[in-house]
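Coordinate-derived values only; no laboratory data. Given the structure is predicted, the values throughout are model-derived calculations rather than measurements. All Cβ positions, even for glycine, are placed from backbone atoms using ideal geometry, and neighbour counts span all protein chains on display.
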């Protein structure tokens, strides 16, 4: 492939192969006496400042979920839901779904009748996910399945519909741990039902009952008070490009690039789920700030075999094939190390036989100017992708200064890596508009009732989720300092001051070659890593809980198995921080890092223009 795919032409071809009209049928045989018959909702749209001239018919749009959705509460934590063919609803929260009839599609993943529940996460601050229902290929009797779920025998004979599934309240220990610790400083209802929604956006009483049972907020697709997941008009072209590569005996390597907040992560999850229909997907994660498969600060390669049905913190426990600790979420502080780690990961993918003939998707960071642009250009040159998907915002500050087509990238002088050379690149460029910005809101954050957490909060959510999934508090290990090599990646520290940096720090656990180690003059002390540009594979991460200089031991908290910990001889510290809530929420007697309050005014936190008052 040596030319770009023309989006408009390919879109016309795809449209020509699809039926023009989709029939939405309502099953008239359904006995609605067993279900709700709610009145039409009075919710109305926000008045957008930039579309005051829109049709006045906006206020008359029906936003009643009962128009295409029937339901029946069958227990204190379960509800039966029936959707008309090709209809959907959005939700805020977390639920489990089990399909009895028809099929559902969530974030690009399509699944049919099963005996198992599937967990779906649609939290505050992210584009709310929808549950899209379709009729099955053949009509089938589901009375026995309904009986097994607790539906009465008489009712089970009367229930019919295009798509029938059970929705169950999802209760998990790690989500409760996340919610508790995230709310120590930031009051944010991430995954539970929100009860403070303005009256004009609330559902009728019958639907509210279902919301309480499932602990979610149900949202009509016509509402616009929060960002809703939408499939881009031309997204299917990325799948077409992957098929073209495979038909030409080329392993698809799809790079997704764009500025911050344009929907890269959402598109990557959708694309990954679509590609999973045929095979596992190799996921190359090059975004240390908002990593998809690891806690912040890491670059990694993962093999995705199960669908991604939520944001990064919902699947952070998935194992990676190779991860390397970059040591910083701000790549501007370590561009040389970023290039070196990126090359290490790409070489690993090329050399791993298991990845042969599998599609690969690449997550890039949202820094699209200056050094960020240079690093993306270098990455593309070294990776040699088959397709680049470039997401554009209508806000110019979020975009790259130019299109990342093969000729521009090959000849660009925007390069950080001195060894990077212009090459005869051959890939297809697909340029899409950021989907959430296609609505009339002024930007992707405006008119969003549930808000968008700041990047620090989302990073803390990932770390807290990882700790919760590992079963915090984790085991504590006592390790002699003489057996450890210490290294600091994000700043320069005198070797004699290393322990002050490591105390209560998140650390990467790895195995380092002795040739990269500086031994101390005192044989009873720790060793120091000679060069921080080494790309040692990570064996896991942990927390330095305490350092006892008298005994010469370091106390490490980690969830990795002891047989893996036996291989560790090096601890690396970077800019990734432990959430303050872990310390602030520990109010047990004798907590080592919590001080009692003092009456001395000199012990108060310093503030500008603050003058200590005399002690009373």
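Miscellaneous remarks
- Residues 459, 135 arranged by fewest to most Cβ contacts within 10 Å: 135, 459
- Size of the range 473-584 as Cα extents on the principal axes (Å, biggest first): 37, 31, 28
- Using the Cβ-Cβ distance between residue 277 and residue 483 with R0 set to 45 Å, the FRET efficiency from 1/(1 + (r/R0)^6) comes to roughly 0.40.
- With the gyration tensor restricted to C-alpha atoms of the range 236-438, the semi-axes of the equivalent ellipsoid amount to 22, 20, 19 Å, longest first.
- Two-site label geometry, residue 395 and residue 504: point separation in nm, points 7 Å out along Cα→Cβ: 3.5
- Applying 0.36 nm per residue to the separation of residue 513 and residue 457 and subtracting their alpha-carbon distance, the gain on full extension is 16.5 nm.
- Take every DSSP beta bridge whose two residues both sit in the range 236-438; close to 30 percent of them are antiparallel.
- Between residue 158 and residue 206, full extension at 0.36 nm per residue minus the direct alpha carbon distance yields a gain of 15.2 nm.
- Shape summary of the range 311-367, radius of gyration then Dmax from alpha carbon positions: 13.1, 36 Å.
- Computed E for residue 419/residue 303 - FRET, C-beta separation, R0 30 angstrom, nearest 0.05: 0.55
- Descending principal axes extents, the range 325-444, alpha-carbon based, whole Å: 47, 35, 30
- Among 167-176, 572-581, 262-271, 194-203, the peptide with the highest mean count of other Cβ atoms within 10 Å heads the list, and the full ranking is 262-271, 572-581, 167-176, 194-203.
- Between the alpha-carbon centres of the range 91-126 and the range 299-375 there is a gap of 27 Å.
- Cα→Cβ-extended label distance, 7 Å offset, between residue 530 and residue 567, nm: 2.3
- Were the residues from residue 105 through residue 231 laid out at 0.36 nm apart, the gain over their Cα-Cα distance would be 44.2 nm.
- Which of 134, 526 has the fewest Cβ neighbours within 10 Å, and the rest in rising order: 134, 526
- In nm, spacing of pseudo-spin labels at residue 139 and residue 476 (7 Å Cα→C-beta vector): 6.7
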